[in-house]
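Down below is the structure, laid out as structure tokens.
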């Protein structure tokens, strides 16, 4: 089940490289960095951030641009965070969809029960620590940071997988448990982003465009060809649609759905989510990173394969656009995010995982010990990508956002904590035989 090792390495290297460049740049020339990130590519009335929001984010010098009365600005930052990151979330949604819908899906049946409980603990724990400490620090701090409660709930699936292999070994059942937890965490994170972090005033009527796009492309290019091929093993209509049209109808529907999300006030980076379930998919999945997954040729997996390398590049620019914070910005939100991840995540995973495994008698995978739950929680405390993304939408541009982003970046220390915890708790590494 360990597909795309190169993807994880490339993902890690490019994302970290972008983040490091941003950190160095911002601490040398903060204004220059922000001006680069908010470079206006197109003043228009169709796509981009609201002009007033962009004007504030750009800061000094924004007045030199003649926007001609345009209502929106397509900046470099918006292009990466709100448009291109939609492909990253589409890949995450693909894994979640297969884990839920397929007969052998990882999040179906009793085998997923304990990881799902652990996932819930890995979200409740960080929220409780984050908000509890903020409340303890006083009403002024609490009011300033409360909106960021979801930042420490995230788990970076690729980095966690990488560290999980180092701590447990590739063949340890805890690695699969960790992946199930991370997939479920992704699903919860997508829901949280959609419900609690709208990008503007809500206009739900625009979501009908997303609904009609998803239903239309599914009926015309998925259900109808299969319906016409009933009883014919050659499947000429489905084959013609696949060979001649490929993913293009779904890409067009995705563009409409994305626009519907932008206009509805929901974060447009989630705009492809309604389209992912409409793509024809295999009747089974081998699980994220499973080597056999690369041999599945259904359109859903084919589209993921096509997106793999572009998304690696997108994540480089995501790190570049979002990790540029000054070290001087470290303050209360930084420590709250870190406490939520480094304390709340391991304790939450351990508490809820133990509750499910023993009092509720759902059990643990063969070869796992209860102490492994704590180590898994330490590994899952690496929030990085999604934590950084949530921080960028939870707070307006400014000191609080920068401090929260620094907490997301420093969550890399969870990797060291996980390795140390593994040594102390005497985790027995198991390699693939």
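For the chain, a Gaussian network of Cα nodes joined below 10 Å ranks 80, 24, 163 by mean-square fluctuation, and the top entry is 24. For the pair the stretch 229-263 and the stretch 318-365, the centres of their Cα atoms are 39 angstrom apart. The separation of the stretch 11-25 from the stretch 29-60, counted between C-alpha centres, amounts to 21 Å. Note on the chain: with a GNM built from Cα contacts shorter than 10 Å, the maximum mean-square fluctuation among 245, 364, 341 falls on 245. As a size descriptor, the averaged projected area of the C-alpha convex hull of the stretch 308-389 was calculated at 7.7 nm². At an R0 of 45 angstrom, the distance between the Cβ atoms of residue 35 and residue 195 translates into a FRET efficiency of 0.85.
Distance between the pseudo-spin-label points of residue 355 and residue 251 (7 Å out from Cα toward the beta carbon): 4.6 nm. Which FRET efficiency, nearest 0.05, do residue 298 and residue 110 yield, Cβ-Cβ r, R0 22 Å? That gives a FRET efficiency of 0.20.
Think of it as helices only: each DSSP H run of n ≥ 4 in the chain is worth -39500 (n - 2.57), and spread over all residues that comes to -18500 deg cm²/dmol at 222 nm.
As a length-normalised measure over Cα pairs under 8 Å and 6 or more apart, the relative contact order of the chain settles at 29 percent.
Taking each residue as 0.36 nm, the span from residue 239 to residue 413 lengthens on full extension beyond its C-alpha to C-alpha distance by 57.7 nm. A Förster radius of 51 Å combined with the Cβ-Cβ distance from residue 63 to residue 305 puts the calculated FRET efficiency at roughly 0.65. Just one of (1) 71, 51, 45; (2) 64, 49, 46; (3) 63, 59, 35 is Cα extents along the principal axes in Å calculated from these coordinates, so which is it? Entry (3).
Largest GNM mean-square fluctuation among 59, 383, 422, using the chain with Cα springs under 10 Å: 59. Inter-label distance, residue 203 to residue 166: 4.7 nm, where each label sits 7 Å from its Cα along the C-beta direction. For the stretch 317-406, what does the relative contact order come out to in percent, with C-alpha contacts under 8 Å and a separation of six or more? Computed value for the stretch 317-406: 48 percent relative contact order.
Computed extension gain for residue 101 through residue 371, at 0.36 nm per residue and net of the alpha carbon distance, reaches 94.1 nm. Distance between the 7 Å Cα→Cβ label points at residue 219 and residue 399: 5.5 nm.
How do 304, 31 rank when sorted from fewest to most other Cβ atoms within 10 Å of their own Cβ? So the residues, fewest neighbours to most, are 31, 304.
Read-outs throughout are calculated quantities, based only on the coordinates presented, and are distinct from any laboratory measurement. Bear in mind that the values here come from a model prediction, so they are computed numbers and not experimental data. All Cβ positions, even for glycine, are placed from backbone atoms using ideal geometry, and neighbour counts span all protein chains on display.
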